[in-house]
Amino acid sequence: MRRQRKQKRPVFRGRQARRRIRYDRVLIAAFILALSVFLIWKIGSFALDRFPQVAESSVEVQQPSMLGGFTVVPMAKKEPVRFKGKVQKVAYLTFDDGPSKYTNDILDVLKNNKVQGTFFLVGTEIHKHPDAVKRMVEEGSYPGMHTMTHEYKTLYKSGSSANFIKEVKQEQKIIQDLTGYKPFLVRAPFGSAPQIDEKFRGDIAKAQFKLWDWTTDSMDWDLPGNPKQVIANVKRDVHKDVEVILFHEKEQTLEALPEIIKHLKKKGYKIEVYNPENHLVMNFKNDLRL
Ligand SMILES: [Zn+2]
């Protein structure tokens, strides 16, 4: 049968034969191309499997511009906000007014739970706890700025942004000189509203800084000796897809922290640290410049 069929094949001559050969070459080239694409894809997914963080973003990711009322601005790196069709809830633990005698203990709790925090440091305190600030950066937590003085009068009374920006730049340099890391995220003492108006916000943006407020206030600063109430406040208020939780470096916060982390994880939150490469707009006025 085979032999017969072979015999029946037409014999190509001259131009017809050359066309046939060209056609074969095109087929071979197409096959090699398809094989290469397949191999690259295979090698790529193998590499992604080895780095689970990246693997998550290889899953069909829908990146909504608004998430839980806040805007995600994707920059260099994509963060999975949806995983397998479900919204990945994210919580950020933020700690103001440090560094302090509690910073190392807070870092211990974070480390034990394999999470990181976003810290907003007071510039004049940094030289008192330099090792804690260095450790913070080494362990992947974020050393944000919270001005040098933290003084309402100095920062806001004139209505001008000059002192605020001067202090933030000064603090940025202190953190960079100490840790080698140059942060751009600021939390305004007392929050951005009402003391910071539209022009003031524009000045902060022009100076290249980003500004974060919060979505949930633990009220920890007002609850000395009462970690149970700090836990209760967070449990009561946390419900959005993205939560930025405000804490301070206080003893009651340190005591409440393990239970709060446990609760957030149980509620399906992924605890993240601020990522400048995937900036999240998080200010009371939803000012997209910040
Ligand atoms: Zn503060």
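The values are calculated or read from the model by the stated rules, or taken from the named source; none is laboratory data. Nothing here was measured: the structure is a model prediction, and the numbers come from that model. Here the Cβ is made from the backbone with ideal geometry for all residues, glycine too, and neighbour counts use every protein chain on show.
If you go through region 170-201 and keep only what is under 14 Å from Y142 (Cβ atoms) and of a type in the set (F, W, Y), you end up with Y181, F184. Could you go through region 217-224 and let me know if any residue there is farther than 21 Å from N112 by Cβ and assigned to a helix (DSSP H, G or I). Yes, that holds for at least one residue. Among the listed residues F119, F83, identify the single one that is of a type outside the set (V, I, T) and at pLDDT below 95. Step by step, each of F119, F83 is checked, and only F83 is of a type outside the set (V, I, T) and at pLDDT below 95. Residues of region 129-147 that are away from the ligand (no atom under 12 Å from the Cβ), in a loop (DSSP other than H, G, I, E, B) and without any contact (Cβ under 8 Å) to a residue 60 or more places away in the chain: H129, E139.
Which one of D105, D97 is over 20 Å from the mean Cα position of the chain (by Cα) and either basic (K, R) or assigned to a strand (DSSP E or B) (or both)? That would be D97, the only listed residue that is over 20 Å from the mean Cα position of the chain (by Cα) and either basic (K, R) or assigned to a strand (DSSP E or B) (or both). Taking region 118-128 as the range and being within 15 Å of the ligand (Cβ to nearest atom) and over 14 Å from V186 (Cα atoms) as the test, the residues that pass are T124, E125, I126.
When the test is whether a residue is in the same structural domain as E138 (by TED's automatic domain parsing) and part of a helix (DSSP H, G or I), T124 passes it.
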